[in-house]
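As structure tokens, the structure follows; a few thoughts come after it.
The values are calculated or read from the model by the stated rules, or taken from the named source; none is laboratory data. Quick caveat, the model's predicted, so the values are computed rather than measured. Using ideal geometry, Cβ is built from the backbone for each residue, glycine included, and neighbour counts are taken over all protein chains shown. Please note that ligands, DNA and RNA were not included when accessible areas were found on the heavy atoms of the full protein model with its side chains. Shrake-Rupley method; radii C 1.70, N 1.55, O 1.52, S 1.80 Å.
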There are 2 protein chains.
Amino acid sequence: MQRRKVLGLAGAGAAGVAAVGAGALALNHRDQPDPQLAASETDAEAAGAIPFYGAKQAGIVTPAQDRLHFCAFDVITDDKAALVDMLQDWTAAAARMTQGRDAGTFGAVGGSLEAPPDDTGEALGLPASGLTLTIGFGPTLFRTEQGKDRFGIAAKRPAALADLPKFPRDTLEAAISGGDIGVQACAHDPQVAVHAIRNLARIGMGKVTVRWSQLGFGRTSSTSRTQATPRNLFGFKDGTRNLKAEDAALLDEHLWVQPGDGPDWMTGGSYLVTRKIRMLVETWDRSPLAEQQAIIGRNKGEGAPLTGKLELDEPDFAAQDGEGQPVIAMDSHLRLAHPDQNGGARLLRRGYNFVDGSDGLGRLNAGLFFMAYQRNPHKQFVPVQNSLAKQDALNEYIRHVSSGLFACPPGLPAADDYWGRALFA
Amino acid sequence: MQRRKVLGLAGAGAAGVAAVGAGALALNHRDQPDPQLAASETDAEAAGAIPFYGAKQAGIVTPAQDRLHFCAFDVITDDKAALVDMLQDWTAAAARMTQGRDAGTFGAVGGSLEAPPDDTGEALGLPASGLTLTIGFGPTLFRTEQGKDRFGIAAKRPAALADLPKFPRDTLEAAISGGDIGVQACAHDPQVAVHAIRNLARIGMGKVTVRWSQLGFGRTSSTSRTQATPRNLFGFKDGTRNLKAEDAALLDEHLWVQPGDGPDWMTGGSYLVTRKIRMLVETWDRSPLAEQQAIIGRNKGEGAPLTGKLELDEPDFAAQDGEGQPVIAMDSHLRLAHPDQNGGARLLRRGYNFVDGSDGLGRLNAGLFFMAYQRNPHKQFVPVQNSLAKQDALNEYIRHVSSGLFACPPGLPAADDYWGRALFA
């Protein structure tokens, strides 16, 4: 059932041979076992494919994969039926691709020679690679910036999906912010993540366009206790206090939308905030180690709070040094972002490091593509970010250049369901 | 000796503790064996580190790693001694980082608290990951665009490093073309490749700035017969006829600069041409499979020439179909790029797929970052590209937006040598 199987037959598609009935070929590709590949494919499938269907969307508490391609789409049709058609097609393609299969029934090489392939082909031969595809709906899908309710769903817009406020120091670029629909593709192989987004864009041609997209090359968060804490481009461990898949009660409290929180279609879902945070790494790299550690509130090697020895030690915000100053500075990132300073607000972060070439000023265009899932951004991300934007010592080294907000519905329980049915039906 | 070892001691660097004598700490980090980690580190080193010193630079015939960070630097000093100092520092750092060590002696957390660390830290805990760093010198290092011979090396500029001509259809952007020095970082882990470039930029601060940089997420070439042929973003296998590490005689003929070719300092080196090729994948994806295959000259699944069955079958350019037309079209990419049509010219390609977000017009900004090493670009890349630029059916779907040319000297034979000594001494 995997893409790798297609390859043995692909030679038969050589041009010069008349176009072959697509259905027959497709049947061959998919249903004839290949004894040489069967064993390794079964292994790969067992190891590499993450179930697409389930009560929750995959890609949220799924142990964070190594690579990201995120894409925000603009819906360019006002035709609700056309949009729903596309969401059905997307769902079918996502269900296939996450299992390591071609995006369409015939695949990159199994269809008619006279038609465009229904898969773009660059993932031929690659396993599922832990691909997850997670969808969210932006505020402008419910009502455009011009106030238009294109799809008759404005009344279903959750209060929690109200636009984020403008934060102090925001330097957002509109062209890479917002979006009607967001899709997060995470995988261990970036070619697989890119392939998935590219095929959704292909399927959506004429109904959606790519508003902005972002590759992330390295995860900066762990979402499971089975994972080590990774490092961001400041060289520090990031997300030590992240919500983890194993924290079931905390996830219900902080991550998953609960019955009564808002419209039923979001119950079991979660809200995603994205922030592209440019990091001025050249300036950071000239700062003394002590200053870096004071700004973060943790040491650089172990990632321990400056009042502790180990990464998971609880910070002691009351501790003072010999001169009566707090060991963990009042404007340190650790203190300002800590749940104790924010009414207990916690997030499930799922960020990625990025480098987008250079900035034209002799520097790397590098930073963190921050993503955080939560039950209600206006009670979680917003107060934390207000606090950080006002006081965080780290602000000297960072710029928020893009922002996104998406309502990610619950998972799809069965193979005949589709992304957004509860919203659009 | 690997970065991973640093971690156990890192907790000792907690702020609040007085700054520790850096030398003593460094000694601890590097020289005290950690029994818990020793076995796995030896394995990682054996498996993951590619030797830095040798007759040839690593990263050319090295089996192409999965990920790329390429950086073109502008030299902003006119002081030859300062530039040579930097190249010595770069060489020492490259020798360390390619072996999985910190960029500097003290590392990210081993130095004084009062000084900036001599490593940025985001690769702490990561193995060498097959990192190679390959340096090349651009035409403008020998004489600026204003005609200035800043470093007294204009007479040493090889004829083969003459500027590339303007090709038909070129749509180059100056800001992401050229460069005085190019560094190719390839690794299996992009965080390791990014870390290496970023630390070279850090070390070069005040002497060089980042002119442009490019991440590649997936290799599109094999440089060894041990590797399967990968696929580009048109979904086709790329580089089937690539020069390979095992072709020793062909490498001497087509890849490595031979005695008498030009100035001695380049003997044993190679010339690198970079071309950023935007691919209009959305247009391509609407083309029928037969048209895609006719344009490439190969079938999509197996990658066989349209006159053959298997990828490695030799194309039969004389073969005609029932209507007397050539089976491999006259304007197909395969025909126009083939050595038989270009006086036998061959290249060692080392390209990578890229996606740089979106293009502001609703499309992915995607394509191929083409890199090719060769003995003399004016006898190899230039005639091939002239032929392609004039006639290739693929031109409808691609745009060349950046170009670079770099003279990559031979490898460094001993630990006391440095990048560029034969040029600058």
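Observations, loosely collected:
- Among the numbered conditions (1) within 14 Å of chain A (Cβ to nearest Cβ); (2) open to solvent by 20 Å² or more (accessible area, probe 1.4 Å); (3) touching a helix residue (DSSP H, G or I) at 6+ places or on another chain (Cβ under 7 Å); (4) within 27 Å of B:LEU250 (Cβ to Cβ), the only one that B:ASP316 does not meet is (3).
- Any pair with Cβ under 6 angstrom, 6 or more apart, that starts in the stretch A:349-365 at a residue that is closer than 20 Å to A:PHE236 by Cα and ends at one that is among the acidic types (Asp, Glu): A:ASN365/A:ASP356; A:ASN365/A:ASP359
- Residue in the stretch A:256-279 that is within 30 Å of B:ASN199 (Cα to Cα), open to solvent by 20 Å² or more (accessible area, probe 1.4 Å) and within 14 Å of chain B (Cβ to nearest Cβ) present: yes
- Every test in (1) open to solvent by less than 40 Å² (accessible area, probe 1.4 Å); (2) under 29 Å from the mean Cα position of the chain (by Cα) is passed by A:GLY324 save one, and that test is (2).
- The number of residues in the stretch B:209-237 that are open to solvent by less than 10 Å² (accessible area, probe 1.4 Å) and among the aliphatic types (A, V, I, L, M) comes to 2.
- Residue in the stretch B:167-181 that is closer than 21 Å to B:GLY262 by Cα, within 14 Å of chain A (Cβ to nearest Cβ) and either in contact (Cβ under 8 Å) with a residue 24 or more places away in the chain or of a type outside the set (Phe, Trp, Tyr) (or both) present: yes
- The residues on offer are B:ARG67, B:ARG96, and the sole one that is open to solvent by 10 Å² or more (accessible area, probe 1.4 Å), in contact with a helix residue (DSSP H, G or I) (Cβ under 6 Å, 6 or more places away or on another chain), at pLDDT 95 or above and not assigned by TED's automatic domain parsing to the domain that holds B:LEU250 is B:ARG67.
- Residue that is surrounded by the fewest Cβ atoms within 10 Å (Cβ to Cβ) [pool: residues in the stretch A:106-155 that are under 20 Å from B:ASP238 (Cα atoms) and among the hydrophobic types (A, V, I, L, M, F, W, C)]: A:LEU126
- Some residue of the stretch B:207-223 being in a loop (DSSP other than H, G, I, E, B) and within 18 Å of A:THR283 (Cα to Cα): yes
- Residue in the stretch B:136-154 that is out of contact with any Leu (no Cβ under 6 Å at 6 or more places or on another chain), in a helix (DSSP H, G or I), farther than 18 Å from B:CYS186 by Cα and among the small types (Gly, Ala, Ser) present: yes
- Where A:THR229 falls short, out of the listed (1) of a type in the set (Val, Ile, Thr); (2) outside the structural domain of A:ALA94 (by TED's automatic domain parsing); (3) touching a His at 6+ places or on another chain (Cβ under 7 Å): (3)
- Among the residues here, B:ALA185 does not qualify as open to solvent by less than 10 Å² (accessible area, probe 1.4 Å), touching a residue at least 24 places away in the same chain (Cβ under 8 Å), within 9 Å of chain A (Cβ to nearest Cβ) and within 14 Å of B:THR62 (Cβ to Cβ).
- Test: residue in the stretch B:201-209 that is within 30 Å of A:ASP189 (Cβ to Cβ), at the interface with chain A (Cβ under 9 Å from one of its Cβ atoms), at pLDDT 95 or above and touching a helix residue (DSSP H, G or I) at 6+ places or on another chain (Cβ under 8 Å): yes
- A:ALA290 vs. criteria facing chain B (nearest Cβ under 10 Å) and open to solvent by 10 Å² or more (accessible area, probe 1.4 Å): yes
- Any hit, the stretch A:158-165, residues being crowded, with 18+ Cβ neighbours inside 10 Å, in contact with a Lys or Arg (Cβ under 9 Å, 6 or more places away or on another chain), in the same structural domain as A:ALA389 (by TED's automatic domain parsing) and at pLDDT 95 or above: yes
- Within the stretch A:167-194, the set of residues being under 23 Å from A:PRO139 (Cα atoms) and in a helix (DSSP H, G or I) comprises A:ALA174, A:ALA175, A:ILE176.
- For the stretch B:188-200, residues that are within 9 Å of chain A (Cβ to nearest Cβ) and touching a Phe, Trp or Tyr at 6+ places or on another chain (Cβ under 6 Å) total 1.
- Of residues in the stretch A:344-373 being part of a loop (DSSP other than H, G, I, E, B), closer than 19 Å to A:PRO63 by Cα and open to solvent by 10 Å² or more (accessible area, probe 1.4 Å), the one nearest to the other protein chains (Cβ to nearest Cβ): A:LEU347
- Test for A:ARG298: is it without any contact (Cβ under 8 Å) to a residue 12 or more places away in the chain and in contact with a helix residue (DSSP H, G or I) (Cβ under 9 Å, 6 or more places away or on another chain): no
- Count - residues of the stretch B:72-92 that are touching a strand residue (DSSP E or B) at 6+ places or on another chain (Cβ under 9 Å) and part of a helix (DSSP H, G or I): 5
- Checking each residue in the stretch A:332-343 for being open to solvent by 40 Å² or more (accessible area, probe 1.4 Å) and more than 14 Å from chain B (Cβ to nearest Cβ) picks out A:ASP340, A:GLN341, A:GLY343.
- Close pairs (6 angstrom Cβ cut-off, 6 or more residues apart or separate chains): away from every other protein chain (no Cβ under 14 Å) and more than 30 Å from A:ASP163 (Cα to Cα) in the stretch A:118-141, of a type in the set (D, E, K, R) and outside any helix (DSSP H, G or I) anywhere: none
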